[in-house]
1. What are the residues in region 58-92 that are of a type in the set (A, V, I, L, M) and at pLDDT below 95, if any?
2. Identify the residue in region 77-92 that is in a helix (DSSP H, G or I) and of a type in the set (S, T, N, Q) and, among all such residues, is surrounded by the most Cβ atoms within 10 Å (Cβ to Cβ).
3. Give Gly20, Gly43, Gly61 a once-over and let me know the one that is within 21 Å of Ala126 (Cβ to Cβ), out of contact with any Phe, Trp or Tyr (no Cβ under 8 Å at 6 or more places or on another chain) and free of Cβ contacts under 8 Å to residues at least 40 places away in the same chain.
4. Among the numbered criteria (1) part of a loop (DSSP other than H, G, I, E, B); (2) exposed (fewer than 15 other Cβ atoms within 10 Å of the Cβ), which single criterion is violated by Arg37?
5. For region 93-113, how many residues meet the condition of being crowded, with 16+ Cβ neighbours inside 10 Å, assigned to a helix (DSSP H, G or I) and touching a residue at least 24 places away in the same chain (Cβ under 8 Å)?
6. What is the one condition in (1) surrounded by fewer than 13 Cβ atoms within 10 Å (Cβ to Cβ); (2) in contact (Cβ under 8 Å) with a residue 24 or more places away in the chain that Ala69 does not satisfy?
7. Can you tell me which residues in region 41-57 are at pLDDT 95 or above, surrounded by fewer than 21 Cβ atoms within 10 Å (Cβ to Cβ) and not polar (S, T, N, Q)?
Amino acid sequence: MSTADYQIAAPLYITHDLGGPLPEYEAQYWSAAFASREVQIMGQCYSACTIWLKSACVTPGATLGFHHARGIPPNHRDWDSTTHWIASYYPPHIAQWFLSQARYSAAVVPMSGADAIRMGARACAA
C-alpha cells in the first residue's frame with residue numbers, strides 16, 4: 001500500500017450549526033480527529049457544536065453560543081462533572097470563562113470568533 005492509497009478527508013466548514021445531542025457531536029469530533037479532518041468554524045456554532053473548539057480553527061466573524069448542560073438540572077449530582085467534561089473540549093481560557101459564567105445560563109451566551117481567538121482558540125489561516 002502506498003501513500004497514494006490514502007485519501008485526505010475534505011475539510012468540514014461550520015457555518016450554521018445550532019447544536020444537538022452531545023454524544024452525537026462527540027462521535028463526530030472523534031471521527032474527524034481520527035481522519036485528520038480539518039474543521040473550520042466560520043459562522044454560527046452553538047451549544048454542542050462548541051466542542052469543536054478543541055481542534056477546529058475559528059474565523060473572527062464566527063459566533064459561538066454557550067449555555068448550561070441541557071437535560072441536567074444544576075442541582076443534579078452529575079451536573080458539575082458534565083459541565084467540566086464539556087469544558088475539557090475548550091481552550092483553557094474559554095473553559096475557565098464557561099465554567100465561571102456560561103454554564104449557569106439557560107439562554108445562549110454568545111461569543112464572537114474574534115473574542116474566542118483572543119481567549120486561545122486557534123485562528124484559521126487567512
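1. Answer for region 58-92, where residues must be of a type in the set (A, V, I, L, M) and at pLDDT below 95: Ala69, Ile72, Ile86.
2. Result: Thr83.
3. Being within 21 Å of Ala126 (Cβ to Cβ), out of contact with any Phe, Trp or Tyr (no Cβ under 8 Å at 6 or more places or on another chain) and free of Cβ contacts under 8 Å to residues at least 40 places away in the same chain holds for just one of Gly20, Gly43, Gly61, which is Gly43.
4. Unmet condition: (2).
5. 5
6. (1)
7. Within region 41-57, Met42, Gly43, Tyr46, Cys57 qualify.
The values are calculated or read from the model by the stated rules, or taken from the named source; none is laboratory data. Bear in mind the structure is a predicted one, so any value in this text is a computation, not a measurement. Reconstructed Cβ throughout: ideal geometry from the backbone, glycine too, with neighbour counts over all protein chains shown.
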